[in-house]
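Colleague: My questions all concern the structure below.
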Amino acid sequence: MERRNILRMLLLAVLVVSGGYLAIAWVNAPTNATAAAANQTQLPLEDRTPVVEDRGGATVITTDPPAGSDGLGAIVAFSADGRPLYHNDTYGNYFDVDPDPPGSKTVLYVAGSRYDSCPDRLQAERDSAGDDGCAEVAVERVNLTTGTTERLHTAVTGWDIWHDVDRIDDHRLLVADIARDRVFTLNTTTDEVTWEWRAEEDLDPDSGGQPGDWTHVNDVELLEDGRVMVSLRNQDRVAFLEPGDGLQRDWTLGAEDAYGILYEQHNPDYIPSARGGPAVIVSDSENNRVVEYQRQNETWMRTWEWQDERLQWPRDADRLPGSHTLVTDSKGDRVLELSETGDVVWSVDIATPYEAERLGTGDESTTGRSTAALANGSVDATAAETDRTSKTGLSWLVAFITGPVVNGVLHAAPTWMTIGDLLVAGVFGITAVTGGIAEVYWSGVGRRLLERLR
């Protein structure tokens, strides 16, 4: 009896301590600046109060909450002095956002909402993929000062919303189409597709993800030389397309399951030779880091890498004019600005941010310089081709657990929870179950049940 009581006290102590820890973590969770912006944008601008430190330009952020969560996505902007400038949560998810035109406070964004029913023309396609869901896509422009919104295009797609569109000119958009594993040019006046690249033309069908989410092409960028750069998330690579010729294989950054190079990346930005490139700065999402690769002697060399203890599943990194880098930390629930030395010099707490833009600095990294240029060429580099992680070794298992497993759990967990909170919650749950089983057994019911089973 005495041992039983000691065990009861130990289990109770673990429950109290772990439960108290979770309660304190919940109370002290960072304030979501999206909510603060929503509460203030009904006021005149002069009556709003700063919710983030001032910075040299307005910052606009999109958010992408996990499927099935109660919260809607949002597009939110903060003025240079930190006051809420704009907020809208019409759609369930917001993804790409770009200044349009550059230098203005008008932005172009792609957003949408998932829903269960599909039009007849898409239902057979969704049935074959084992998924009944479809998605509404909206491409819109909004003036962040006046709130005036212009709809450029709307569509219904199978499975998922487009994650990125780039404006080519007044009538054409370059689109990354996740649902159909393609990149195409859309004339928004006529709804005509004027150019298209399908991944099946150049990629091994056994690569990447499962049918219905094969490539997860999540980013597209039209380069100054006319080529198109795309992010093939499920193939762990950034690819370059020559319209009319297809994939430039010798330019590909990354390889299938070469997790030491890239692991299900997001939002690569190209830095041309004029600013120290060719280079690519990219959010290496499942590796929980942001990296930069420089092309030297027809190969890719890693020249910059950043992460801290909080960074979890980053999905955007923009090189700003000078040397700073704007990073979107999706499961760290923040957007932050790094100095050239890697110090955090500005941050704002935002639940599940997807992309961020500092207005007045150009689209993404179009005015930023490469790490090699910033260091006058004297930067250490690691060859990407030799930096591979074996798919069959222990290192692959570690990469998988610390990447997709942890990030997936965090994506489904409440936004205030960190990895430490999840571990404590696990201890709380195991202790509660163990205590419940022990009490049932000690009551005699469990012993009698075991005796009957014998």
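The values are calculated or read from the model by the stated rules, or taken from the named source; none is laboratory data. Here the structure is a predicted model, which is why all the values come from computation and not from measurement. So basically every Cβ, Gly included, is an ideal-geometry build from the backbone, and we count neighbours across all protein chains shown. Accessible surface areas use protein heavy atoms only, side chains included; no ligands, DNA or RNA. Shrake-Rupley method; radii C 1.70, N 1.55, O 1.52, S 1.80 Å.
Colleague: List the extent of the Cα atoms of the range 270-311 along each of their three principal axes, largest first, rounded to whole Å.
Modeller: On the principal axes, the range 270-311 reaches 33, 18, 13 Å in Cα extent.
Colleague: So what is the diffusion coefficient of the range 226-362 in µm² per second by Stokes-Einstein at 20 °C and 1.002 mPa s, using a Kirkwood Rh over Cα pairs?
Modeller: Once the numbers are plugged in, D ends up at 141 µm²/s.
Colleague: Grab the Cα-Cα distance for residue 299 and residue 409, subtract it from 0.36 nm times how many residues apart they are, and report the gain in nm with one decimal.
Modeller: Full extension from residue 299 to residue 409 adds 36.1 nm.
Colleague: For q = 0.06, 0.08, 0.13 Å⁻¹, what log10 I(q)/I(0) does the chain give under the Debye formula with an equal point scatterer on each alpha carbon and no solvent?
Modeller: Once normalised to I(0) and log-transformed, intensities are -0.29, -0.51, -1.20.
Colleague: Using the heavy atoms of the protein chains and a 1.4 angstrom probe, tell me the accessible area per residue for the chain in square angstrom.
Modeller: Per-residue value: 45 Å².
Colleague: Just check the range 280-344 against the gyration tensor rule for me: Cα atoms, a ≥ b ≥ c as the square roots of the eigenvalues, rounded for a/c under 1.5, and otherwise prolate or oblate depending on whether a/b exceeds b/c.
Modeller: Oblate, since a/c reaches 1.5 and b/c is not below a/b.
Colleague: Sort largest first and round to whole Å: the equivalent ellipsoid semi-axes of the range 175-241, each the square root of five times a Cα gyration tensor eigenvalue.
Modeller: 21, 14, 9
Colleague: Another one. Along the Cα→Cβ direction, 7 angstrom out, place labels at residue 27 and residue 198. What is the inter-label distance in nm?
Modeller: 5.9
Colleague: What FRET efficiency, computed as 1/(1 + (r/R0)^6) with R0 = 45 Å and r the Cβ-Cβ distance, is obtained for residue 434 and residue 308, rounded to the nearest 0.05?
Modeller: Efficiency, rounded to the nearest 0.05: 0.80.
Colleague: Can you tally the net charge around residue 361? Count Lys and Arg as +1, Asp and Glu as -1, for every other residue whose Cβ sits under 10 Å from the Cβ of residue 361.
Modeller: Net of charged neighbours comes to -2.
Colleague: Now for a different question. Which of 76, 101, 51 sits farthest toward the positive end of the charge dipole of the chain, with +1 on the Cβ of Lys and Arg and -1 on the Cβ of Asp and Glu?
Modeller: Comparing the listed Cα positions along the dipole, 51 ranks first.
Colleague: On to the next question. Ignoring ligands, DNA and RNA, please state the percent of accessible area on the chain from carbon and sulfur, probe 1.4 Å.
Modeller: Taking all protein chains in place, the chain shows 53 percent carbon and sulfur surface.
Colleague: Treating the angle as unsigned and between 0 and 90°, give the value, to the nearest 10°, between the Cα long axis of helix 419-442 and the longest Cα principal axis of the chain.
Modeller: 20
Colleague: Next question. Would you kindly state the longest site-free stretch of the chain, with sites defined as GluC sites (Glu not before Pro) in a DSSP loop (not H, G, I, E, B) surrounded by at most 11 other Cβ atoms within 10 Å?
Modeller: 1-223
Colleague: Where does the charge balance sit around residue 83 when Lys and Arg score +1, Asp and Glu -1, over other residues with C-beta under 13 Å from its C-beta?
Modeller: Neighbourhood net charge equals -3.
Colleague: Roughly how many Å² of residue 114 are accessible to a 1.4 Å probe, to the nearest 10?
Modeller: Looks like 100 Å² after rounding.
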